[in-house]
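The values are calculated or read from the model by the stated rules, or taken from the named source; none is laboratory data. Since we're looking at a predicted model, the values are computed, not measured. Neighbour counts run over all protein chains shown; Cβ positions are idealised from the backbone, glycine included. Protein only, heavy atoms only, side chains kept; ligands, DNA and RNA dropped before computing areas. Shrake-Rupley method; radii C 1.70, N 1.55, O 1.52, S 1.80 Å.
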Amino acid sequence: DHAGRFFRSRGPLNTARPPQGYPVLAQAGGSPQGREFAARHMDVVIAAVGTAEEMKAYRLDLNDRLARNGRDPNSCKIMFQISPVFGETDAEAREQLRRRRAARDPRQMLASMGSLFDIDFSVIDLDAPLAELTTNGQQGTLKRFLHHGSTLREIAERFRFGLEDIAGTPATVAAQMGELMAEAGGDGFVIAGPLTRRYVAEVTDGLAPELQRRGLMRKGFSHKHFRDNLLEF
């Protein structure tokens, strides 16, 4: 049983204790408060940043927080969100990316982001200068969001929720992912493209073998439990 400041719950928890004592703990949150919480407790952090420079800054900041909390930086893995676009040729993939950008509806993007911030952007003029906004939602993402322009239309055109500019054949995308990781640091990617049969096949049958050939993705698991496999690679 628990009765605290924010909620109360009737126990006991109706799940079995896992073999490793507690499940792998994962978090998505880039605010200073979120990063500090991750540095104290998390096994995995998912970060949605848009450039290699932001990746590097995130990694350095979290490493510093982990060290100040008495933890080995390797004990908390960072996975960066990526949405690669695939094609039979690099030119075809870049054209697909160009068409997607051209067809992007700012209102659709703002509706999606508004759900993260608990802000109704539909009541704000797209072309009016933005007043100061605050949120009880994803504060770190909102801060990044507001830095991309002075109006909602400008922000919607420029903002990237994750790495959205990677395009090419599976071999080209694998090479770009390797270069990003080598430059910025980190432990892996969370692929967040469209959940269609074609896209899943492009990742599993095209991208994954290319990553494996480069030694960037394992071909099997050495350990019995998830946490051990997670921390090994």
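Of note:
- Prolate/oblate/rounded label for the chain (Cα gyration tensor, a/c 1.5): oblate
- Among Glu132, Glu179, Glu154, the sequence by solvent-accessible area, most first, with a 1.4 Å probe is Glu132, Glu179, Glu154.
- Amide H contacts under 5 Å for Val190: Phe80, Gln81, Ile82, restricted to partners 5 or more places along the chain or on a different chain, H placed in the peptide plane at 1.01 Å from N.
- Note on Met177: accessible area is roughly 10 Å² with a 1.4 Å probe, heavy atoms of protein only.
- Exposure of Lys56 as accessible area (Å², to 10), given a probe of 1.4 Å and all protein chains: 80
- Proximal aspartates and glutamates relative to Lys219, as straight alpha-carbon distance under 15 Å, when same-chain residues fewer than 8 apart are discounted: Asp205, Glu210, Glu232
- Among Tyr199, Thr172, Ala182 - extreme Cα towards positive end, dipole of region 164-233, charges at beta-carbon: Tyr199
- Judged by the mean number of other Cβ atoms found within 10 Å, the most tightly packed of the peptides 64-71, 187-194 leads the ranking 187-194, 64-71.
- Rel. contact order, % - alpha carbon contacts under 8 angstrom, at least six apart, region 93-233: 18
- Placed amide H near Gln27: partners under 5 Å, 5+ positions off or other chain: Val44, Val45, Ile46
- List Lys143, Lys224, ordered by accessible area with a 1.4 Å probe, largest first: Lys224, Lys143
- Simple rule: put +1 on each Lys or Arg Cβ and -1 on each Asp or Glu Cβ in region 6-141, find the dipole, and look at Leu97, Thr141, Leu110; the Cα lying farthest toward the positive end is Thr141.
- Anisotropy class assigned to region 32-158 is oblate, per the alpha carbon gyration tensor with a/c at or over the 1.5 cut-off and a/b no larger than b/c.
- Accessible area in the full protein assembly, largest first, 1.4 Å probe, for Ser31, Ser9, Ser115: Ser115, Ser9, Ser31
- Loop sites in region 1-99: GluC sites (Glu not before Pro), DSSP, at most 14 other Cβ within 10 Å: Glu88
- Membrane-span-like helices of the chain, defined as complete DSSP H segments with a Cα extent of 15 Å or more along the helix axis and a mean Kyte hydropathy of at least 0.0, are identified as 106-117, 170-184.
- Eligible aspartates and glutamates near Lys56 by straight Cα distance, threshold 16 Å, same-chain separation 8 or greater: Asp64, Glu179, Glu183, Asp187
- With q set to 0.09, 0.17 Å⁻¹, the log10 of I(q)/I(0) for region 96-232, from the Debye formula over equal scatterers at the Cα positions, is -0.40, -1.05.
- Bridging of Lys224 to lysines at a Cα separation below 24 Å is possible for Lys77, once same-chain residues fewer than 8 apart are set aside.
- The magnitude of the dipole of the chain, with charges of +1 and -1 set on the Cβ of Lys/Arg and Asp/Glu and taken from the Cα centre, is near 760 debye.
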